[in-house]
Amino acid sequence: ITLPGTSSGLHIVHIAAEMAPVAKVGGLADVISGLGKALQKKGHLVEIILPKYDCMQNDQVNNLKVLDVVVQSYFEGNLFKNKIWTGTVEGLPVYFIEPQHPAKFFWRAQYYGEHDDFKRFAYFSRAALELLYQSQKKIDIIHCHDWQTAFVAPLYWEAYANLGFNSARICFTCHNFEYQGAAPAQDLACCGLDVAQLDREDRMRDNSHGRINVVKGAIVYSNIVTTVSPTYALEVRSEGGRGLQDSLKLHSRKFVGILNGIDTDTWNPSTDRHLKVQYNANDLQGKAANKAALRKQLNLSSTNASQPLVGCITRLVPQKGVHLIRHAIYKTAELGGQFVLLGSSPVSHIQREFEGIADHFQNNNNIRLLLKYDDSLSHWIYAASDMFIVPSMFEPCGLTQMIAMRYGSVPIVRKTGGLNDSVFDFDDETIPKELRNGFTFVHPDEKALSGAMERAFNYYNRKPEVWKQLVEKDMRIDFSWSSSASQYEDIYQRAVARARAAA
Ligand code: ADP
């Protein structure tokens with residue numbers, strides 16, 4: 001292990017809107033803690049900056065306390081004080097910024113979905129940079145994530161570098177190009193960015209709407225731009241880029257796709273305290289016990305122990321292929337399996353639609369829809385299920401298919417984005433046999449999904465020995481952050497070396 005401060009140990013700061021398990025909405029949260037821990041293990045000094053949300057899980061922070069400093073940051077022509085809290089989360093040092101601003105930006109009982117999200121996160125990005133600037137630390141890499149903290153890249157190079165705070169290099173990771181943070185150009189001024197300088201085609205002006213686009217700004221202004229899988233990195237260079245394809249092509253030399261890992265401490269069936277019984281690939285009895293217990297808990301039929309259980313854990317948004325998820329429920333019933341969905345939707349008509357389906361199956365002892373967010377229950381469902389469906393329309397990386405495999409649940413996924421980089425069809429003879437780990441389909445329609453499900457059910461029902469070997473193989477695949485963190489380490493080191501050479 002190299003200690004921070006020695007030649008190869010870097011000082012890396014992540015600025016993000018989420019971190020598991022204190023403030024989690026989706027995969028971004030898992031990445032911040034998983035990548036952070038992996039980099040720390042490799043000997044780097046890693047720190048995280050988050051907003052101090054009222055709704056975050058304070059009990060997941062060790063030694064949470066207010067620092068005896070006040071950081072003032074710029075917003076809409078004035079300076080506002082920020083309380084700075086510190087603590088450790090999963091062994092990582094975290095700074096939480098609590099703005100003393102009358103709009104109570106992070107005191108809204110939810111993470112996202114407020115009318116002033118653009119301002120809330122513009123404020124946070126500015127305050128986070130201000131905290132780093134005032135701390136006078138010598139940081140090597142500032143890593144920002146998604147549109148919420150994409151402001152950091154132009155702010156750093158346009159506002160802070162001139163103040164002599166310029167030793168760091170900026171890495172921006174886009175976890176989903178669907179969310180770009182577009183707004184009327186003048187809104188950019190709130191955090192002190194110069195609209196006249198930035199509202200230009202080659203800087204932050206959106207490629208089609210004439211608004212400004214924060215993700216575009218981060219693509220232009222960062223030293224390194226990444227996204228979360230190699231296939232998605234290709235897809236976003238064309239239609240998947242949602243209008244940013246030309247910007248990505250223009251900056252393709254600094255753009256790379258790195259597949260996310262999963263946090264193999266959090267997601268470990270042999271130590272997982274959320275499970276009824278822990279188990280591993282050499283002892284699948286425990287897995288069966290979790291299945292039996294979940295069936296009982298959810299009032300599902302348990303007459304036939306080998307009736308396959310299909311799981312799905314997801315945000316219910318169009319990206320995730322909600323129409324195909326609905327189809328999978330009916331198809332599972334038709335094939336004689338059981339289905340458990342754990343999902344919630346920020347979109348009210350989708351939430352209502354699934355409430356309707358849940359009611360429809362209320363008295364059916366093979367189908368259960370749980371329309372909520374429940375981390376503990378998610379662990380149990382991964383452990384209890386035999387198969388796991390992810391029929392996404394697009395999927396930047398996707399973590400649930402990897403978690404499912406680690407828990408011995410065989411994934412059935414649409415071949416897109418990170419799913420294409422992590423799930424390889426069991427029947428595809430063009431792929432080396434040892435890599436084949438699940439079932440995939442290409443066309444985003446019911447027929448294609450049905451075909452993949454039928455093939456999976458066939459193996460499960462007719463070739464239990466083959467199935468068991470597949471389950472064991474999936475559980476042994478290395479989905480840890482180790483190799484992906486090495487790729488980040490490598491691009492960080494190269495950016496830092498270029499910076500040093502330039503200085
Ligand atoms: P996204 O970031 O698009 O939501 P990912 O697959 O990258 O999708 O990450 C999803 C993460 O959120 C996984 O850790 C998954 O277990 C978790 N998750 C999604 N929905 C729920 C839910 N309803 N309850 C608990 N955990 C959930």
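No value in this document is a laboratory result; all are computed from the given coordinates. Nothing here was measured: the structure is a model prediction, and the numbers come from that model. Because the Cβ atoms are built from the backbone with ideal geometry, glycine has one as well, and the counts that use them run over all protein chains shown.
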Unit charges at the beta carbon, dipole of the chain: most positive-side option, Val496, Asn458, Thr400: Val496
Shape of region 256-370, Cα gyration tensor, a/c cut at 1.5: oblate
Long-range HN-HN contacts of Phe388 with modeled amide H, under 5 Å: Gly311, Val410, Ile412
Gap separating the Cα centres of region 253-283 and region 150-193, nearest whole Å: 33
Residue among Tyr112, Gln72, Gly87 farthest towards the positive dipole end of region 1-115, charges placed on Cβ: Gly87
On Cα atoms only, tilt of 375-384 relative to the major axis of the chain in degrees: 40
Dipole-positive endmost among Pro444, Ile477, Leu419 within the chain (Cβ charges, Cα centre): Ile477
For Glu158, Glu472, Glu395, order by how many other beta-carbon atoms lie within 10 Å, fewest first: Glu472, Glu158, Glu395
Rounded, prolate or oblate (a/c below 1.5 giving rounded, otherwise prolate when a/b exceeds b/c) for region 285-476 by Cα gyration tensor: oblate
Simple Cβ-charge dipole of the chain, Lys/Arg +1 and Asp/Glu -1, about Cα centre, in debye nearest 20: 480
Cα gyration tensor category, rounded, prolate or oblate, for region 94-232 with a/c compared to 1.5: rounded
Per-peptide average of other Cβ atoms within 10 Å, ordering 288-299, 29-40 highest first: 29-40, 288-299
Rounded to the nearest 20 debye, dipole of region 285-476 from Cβ charges on Lys, Arg, Asp, Glu: 380
Ordering of 457-468, 371-382 by packing [mean C-beta count within 10 Å, highest first]: 371-382, 457-468
Charge tally in the Cβ shell below 10 Å around Asn176, where Lys, Arg are +1 and Asp, Glu are -1, Asn176 excluded: -2
Entries of Lys24/Lys415; Lys42/Lys104; Lys276/Lys463 with Cα pairs more than 31 Å apart: Lys42/Lys104
Cα centroid separation, region 1-70 to region 452-503 (Å): 23
Rel. contact order, % - alpha carbon contacts under 8 angstrom, at least six apart, the chain: 12
